[in-house]
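> Provided herewith is a single structure, encoded as structure tokens, for subsequent inquiry.
Each value in this text was obtained by applying a stated rule to the coordinates, not by laboratory testing. What you see is a predicted model, and the numbers here were worked out from it, not measured in a lab. Cβ: placed from backbone, ideal geometry, glycine included. Neighbour counts: every protein chain shown.
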Amino acid sequence: MDVVIAGGHGKIALRLATQLAGQGHAVVSLVRNPEHADEVTATGARAVVADLETISIAELAEHLDGSDAVVFAAGAGPDSGAERKDTVDRAGATLLADAATKAGVRRYLLVSATGVDSEPDPGRGEVWAAYIAAKKAAEDAIRADPNLDATILRPGRLTDDPGTGKVLLAPPPVGSGDNTITRDDTAAVLANLLESPGTTGTTLELRGGKQPVVEAVAAQSHG
């Protein structure tokens, strides 16, 4: 499988690239900063410099040509302001979708966030509210795009703890409780979703849990 990951230097993306390359898949990771290319290449992926805030649909589509799937794992980052939440987390996701359509790529995985179905906590400030709004708008656009076979994944609070290989994966809403999930396990779920076309059209919440990743993904497949 040929996979393109947008936001290739992100913590989830680096783990995903490592897993996919280790399984023999061809991976292209898109990065904004050329200084990150070496770290991406170390995962086994091919690094391509492409800034989602400035690149055209046509140019991005060239990088996607011949691919089987795309993964949007980009984000403006914790230190960015409200404006970049929109230009990266929303506009970047829809730009990738438009480029995928132009390149003839239907399979699309969107890494979203938990909590987008609720009003953001006003106590967390305007940047957080902008982040939730951007993720919600991206989800709505991707979900409504008839040219995509999309799966939307909403990880809980991400940690750098070692992965357990066991998760809770279910359509929203999920019950209250521990809402954490490791980045290792998130990457493992994404890798399995890529090979599970039966999850097309689903929106899935992800937490740490008790079900092995392969079984959890298979349980959400409708085909």
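> Hey, does region 14-23 have a residue that's part of a helix (DSSP H, G or I), surrounded by fewer than 21 Cβ atoms within 10 Å (Cβ to Cβ) and in contact with a Gly (Cβ under 6 Å, 6 or more places away or on another chain)?
There is at least one residue in region 14-23 that is part of a helix (DSSP H, G or I), surrounded by fewer than 21 Cβ atoms within 10 Å (Cβ to Cβ) and in contact with a Gly (Cβ under 6 Å, 6 or more places away or on another chain).
> Could I ask something else about it? I need the full set of residues from region 133-160 which are closer than 19 Å to residue 91 by Cα, small (Gly, Ala, Ser) and buried (at least 16 other Cβ atoms within 10 Å of the Cβ), in order please.
Scanning region 133-160 gives 133, 134, 137, 138, 141, 150.
> Can you tell me which residues in region 165-223 are free of Cβ contacts under 8 Å to residues at least 40 places away in the same chain, among the hydrophobic types (A, V, I, L, M, F, W, C) and out of contact with any Asp or Glu (no Cβ under 8 Å at 6 or more places or on another chain)?
Scanning region 165-223 gives 181, 189, 214, 218.
> Next question, about the same structure. Test each condition in (1) among the small types (Gly, Ala, Ser); (2) without any contact (Cβ under 8 Å) to a residue 60 or more places away in the chain; (3) under 24 Å from residue 131 (Cβ atoms) for residue 73 and report the one that comes out false.
Only one criterion in (1) among the small types (Gly, Ala, Ser); (2) without any contact (Cβ under 8 Å) to a residue 60 or more places away in the chain; (3) under 24 Å from residue 131 (Cβ atoms) is unmet by residue 73, namely (2).
Rundown of residues vs (1) crowded, with 23+ Cβ neighbours inside 10 Å; (2) at positive phi; (3) part of a strand (DSSP E or B); (4) acidic (Asp, Glu), yes/no style:
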residue	(1), (2), (3), (4)
110	yes, no, yes, no
114	no, no, no, no
127	no, no, no, no
131	yes, no, no, no
162	no, no, no, no
173	no, no, no, no
191	yes, no, no, no
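> Read through the list (1) out of contact with any Leu (no Cβ under 8 Å at 6 or more places or on another chain); (2) part of a helix (DSSP H, G or I); (3) of a type outside the set (A, V, I, L, M), then give the number of the only condition that residue 39 fails.
Failing condition for residue 39: (1).
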